[in-house]
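The values are calculated or read from the model by the stated rules, or taken from the named source; none is laboratory data. All figures in this text were calculated on a predicted structure; none of them were measured in a lab. No Cβ is skipped: glycine too gets one built from the backbone with ideal geometry, and neighbour counts run over all protein chains shown.
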Amino acid sequence: MSLKEQLLQINPSEAVTLSEAEKKVKIESTFTRVFSWLGISLLLAFWTAYWVFWGVKNGFIEPSYMFPVFVGSAILAFVLVIVISWFWEKLSYTALAVLFILFSILEWFGLSGIFLTYQIKSIVLAFGLTSGLFLGLVLAGNVLKVDIAKWSTVLLVALVVLIIWALINIFLGNSTLDLILTVAFIVVFSLLVILDINMIKQAALVGDKRLEIVMALSLYLDFINLFLEILKLLGKSED
């Protein structure tokens, strides 16, 4: 069962007995912890990516060994996403925290190649734009109330369709389609941020702190994918 399906099945019955003030306090404290985990993971991710890049650039890491390492790290990171998202109910808070931190390191150990592909100024610009967009989407998610079940289904279908077209375009090599797909991915991941903010508000009323790490992972994936698509759209490759 996926993260979205598990959260949709949660019935925070205790919320009925809470006053609006108590609900607000629970939601705010949950947001604080979720975004603390998100901040830690992003710092670890970019720190790891930069030092891998620095090691390759300065000859401390042999470039010829990096491709299998990148692939291996990406596969392990994907496995950790599955474990955290699908089996969080069977894991302790500490275990989830360790897996989440390990995922953050592996994810950007595998994606540190962006420092070898794009100029630093392009990466900084993309990160700044992503941060601004992400903040705006978080604020929008706090204001907007969405139908979680409906949004989850629609956005999942849209994401699968886009991924299929992206795979097809690897063989087509159509630059116009690539641009359209990049913009479409940005739109979908933006809507996913709004969805996840609404899901955090629902999960906050459950009282299970393990959900905070699961939702931090979901927001982390939203942010990183937004960043990569914006970098692809605006970034300039190294000569």
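Screening region 1-38 for residues that are surrounded by 12 or more Cβ atoms within 10 Å (Cβ to Cβ) and among the small types (Gly, Ala, Ser) and picking the one that is modelled with the highest pLDDT gives Ser36.
Looking at (1) part of a helix (DSSP H, G or I); (2) surrounded by 11 or more Cβ atoms within 10 Å (Cβ to Cβ); (3) modelled with pLDDT under 85; (4) among the polar types (S, T, N, Q), can you tell me which one Thr130 breaks? The number of the failed condition is (3). Taken over region 181-239, the criterion of being over 17 Å from Ser85 (Cα atoms) and free of Cβ contacts under 8 Å to residues at least 12 places away in the same chain is satisfied by Val187, Asp239. So is Leu96 in a helix (DSSP H, G or I) and in contact with a Leu (Cβ under 7 Å, 6 or more places away or on another chain) or not? The answer is no for Leu96. The criterion of being under 23 Å from Leu159 (Cα atoms), among the polar types (S, T, N, Q) and either modelled with pLDDT under 90 or crowded, with 22+ Cβ neighbours inside 10 Å (or both) holds for Ser218.
Restrict the check to region 180-191 and report whether at least one residue is modelled with pLDDT under 90, surrounded by 14 or more Cβ atoms within 10 Å (Cβ to Cβ), among the polar types (S, T, N, Q) and closer than 30 Å to Ala95 by Cα. No, region 180-191 has no match at all.
A single member of Ala166, Ala158 is within 17 Å of Ser218 (Cβ to Cβ), at pLDDT 85 or above, surrounded by 14 or more Cβ atoms within 10 Å (Cβ to Cβ) and of a type in the set (Gly, Ala, Ser), and it is Ala158.
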